[in-house]
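Have a look at this one before I ask anything.
The values are calculated or read from the model by the stated rules, or taken from the named source; none is laboratory data. In this text, all values refer to a predicted model and were calculated from it rather than measured experimentally. No Cβ is skipped: glycine too gets one built from the backbone with ideal geometry, and neighbour counts run over all protein chains shown.
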Amino acid sequence: MADTTKKQLTPEMLECMKSMRVFSLATADKKGVPNVVPVGMLFPGEDGNIWIIDNFFCKTLKNLEENPIASFYLWSPEYKAGCWQVKGKVKVYDSGADYEKAVAIAHSRMETAPAKHLVKMCIQCVYNVAPGPDAGKKVL
């Protein structure tokens, strides 16, 4: 990912994101071995990053520490206007004001959520992954 400029999701992408309940979050370890997990707490943060709350990460957290890059896709059967792959660099937090906000959000959604870490993703690129002639093309 050579482009290091922080990107923002388009209104269309954000609308799709709102219709999703579970996201597939992809990471890889330092050797490039992939890992994909379902994540229910992934959303746009107030700071322009994507916020991901770690409730049950195991290999995912280890991968993010070794290789701080992640990806997820936006697609929902309720939202048929597009499908995108989002990639970015991440930082993991276990303290601070934003972490405390993330814990409160997690507990408002699921009272027993462990909310072990806040993972912030700085979006670096977005690709169209909808079937058709534009599949695989970079859109942001």
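Checking Val86 against (1) touching a helix residue (DSSP H, G or I) at 6+ places or on another chain (Cβ under 6 Å); (2) buried (at least 18 other Cβ atoms within 10 Å of the Cβ), only one condition comes out false. Which one?
That leaves (1) as the condition not met.
Modelled with pLDDT under 95 and not hydroxyl-bearing (Ser, Thr, Tyr) - does that describe any residue in region 21-33?
yes
Follow-up question, since we're still on this one. How many residues are more than 17 Å from Phe23 (Cα to Cα) and either assigned to a loop (DSSP other than H, G, I, E, B) or out of contact with any strand residue (DSSP E or B) (no Cβ under 9 Å at 6 or more places or on another chain) (or both) if we restrict to region 116-140?
Of the residues in region 116-140, 10 are more than 17 Å from Phe23 (Cα to Cα) and either assigned to a loop (DSSP other than H, G, I, E, B) or out of contact with any strand residue (DSSP E or B) (no Cβ under 9 Å at 6 or more places or on another chain) (or both).
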